[in-house]
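This report refers to the structure that appears directly beneath it.
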Amino acid sequence: MRDAAAKALAAKRARKDLTADDLSKKDAKKAKQAAEDAAQAGEDQAGAAATVAEVMAAPAGEVADLLRVGPSFDLAGVDTRSTPGFAGGKDEGEAALLAGAEELSELQERLYAAAKSGDKRSVLLVVQGMDTAGKGGIVRHVVGSVDPQGVQLTAFKAPTPQERSKGFLWRIRQALPQAGYIGVFDRSHYEDVLVVRVKGLASKQVWARRYASINTFEKQCAAKGITLVKVMLHISAQEQHERLAERLERPDKYWKYRPGDLDDRALWPDFQEAYQDALTKCSTEIAPWYVVPADRKWYARWAVQQLLLNALRGIDPQWPQAGFDVEAEKEQLAGLDDVAEDD
């Protein structure tokens, strides 16, 4: 996939450089042929990816149904290596991710453009999961395929004393996406019924009330035009062990590791219980939870992309109409071109 993208980029550069003064006619001819070959390779790759997506993957709406948390949901019963809605393997999954990137990018641009004409809608992707679950990979490989100027990313850490003094939802409200944006929360308000609960940072009387507060808050978000896509990336304890071990083996991964990860790992059963409650108590019709099996990184990325596509298709943002006389502007532009030619 990366080779195809590189070839396509090379093709664009080659086309731009064909008229450079330092190219001889012979070199220009070779460069042109190379550009055409690379462009064709990129088109073939994209076509193959689209075919794979059609054959191997369920429609985005069906994927959402498969992953949605319902009343009888049991987190312990989820196979973290399963690939609901996708019949292929890693190569096919990466091809399908590539195939969906173009549509996701266009829908995001339409959402951003529609806001310029007064559309108030936006999307909020909430990503939760145990350490090493792949939250950063979702940001890079899924959200990274859209124009960054239309994305608001917030990575929540432990609250500051000032934030704690204002209530647990205060800092969340400050980070909600503006109209036309895709907001991304790397961790979120759910930390206040997960970490806070498991580590005893507040009494049960306090954190138990927060489920209702969260549901009310998310209902308010929906009323403001924010479509919530709440995702838990679910990995197994064994998979987490392997990923932590890799971070300790590879110098280029040291920066991702923190000793506190082992403290949290020791509390694995308690975190799973806390997630079970958060998922079932706060999966509502207006803001459902989706649990994505995440031992296979390629699947998790494809699945989250499908959830975003499903949300954006539901919004169906439209290109805004021109707020000016198009024909008059064309005539004026043509007149300016005539003046430039006379000069």
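The values are calculated or read from the model by the stated rules, or taken from the named source; none is laboratory data. The model shown is predicted, which means the values in this text are computed figures rather than measured ones. Backbone-built Cβ (ideal geometry, glycine too); neighbour counts: all protein chains shown.
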Problem - Selection count, segment 70-108, where residues are over 19 Å from the mean Cα position of the chain (by Cα) and part of a loop (DSSP other than H, G, I, E, B) - result: 13
Exercise for the section: Looking only at segment 145-162, decide whether some residue is in a helix (DSSP H, G or I), surrounded by 14 or more Cβ atoms within 10 Å (Cβ to Cβ) and either in contact with an Asp or Glu (Cβ under 6 Å, 6 or more places away or on another chain) or in the same structural domain as Val196 (by TED's automatic domain parsing) (or both). Expected result: yes
Fill in the blank from the handout: Flagged in segment 109-128 as in contact with a Leu (Cβ under 7 Å, 6 or more places away or on another chain) and either part of a helix (DSSP H, G or I) or surrounded by fewer than 19 Cβ atoms within 10 Å (Cβ to Cβ) (or both), in numbering order, are Leu111
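This table checks each residue for (1) assigned to a helix (DSSP H, G or I); (2) in contact with a strand residue (DSSP E or B) (Cβ under 7 Å, 6 or more places away or on another chain); (3) of a type outside the set (A, V, I, L, M, F, W, C).
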residue	(1), (2), (3)
His241	yes, no, yes
Tyr254	yes, no, yes
Asp263	yes, no, yes
Gln272	yes, no, yes
Tyr275	yes, yes, yes
Asp295	no, no, yes
Gln305	yes, no, yes
Ala322	no, no, no
Glu327	yes, no, yes
Exercise for the section: Given the conditions (1) in a loop (DSSP other than H, G, I, E, B); (2) in contact (Cβ under 8 Å) with a residue 24 or more places away in the chain, report the number of the one that Tyr299 does not fulfil. Expected result: (1)
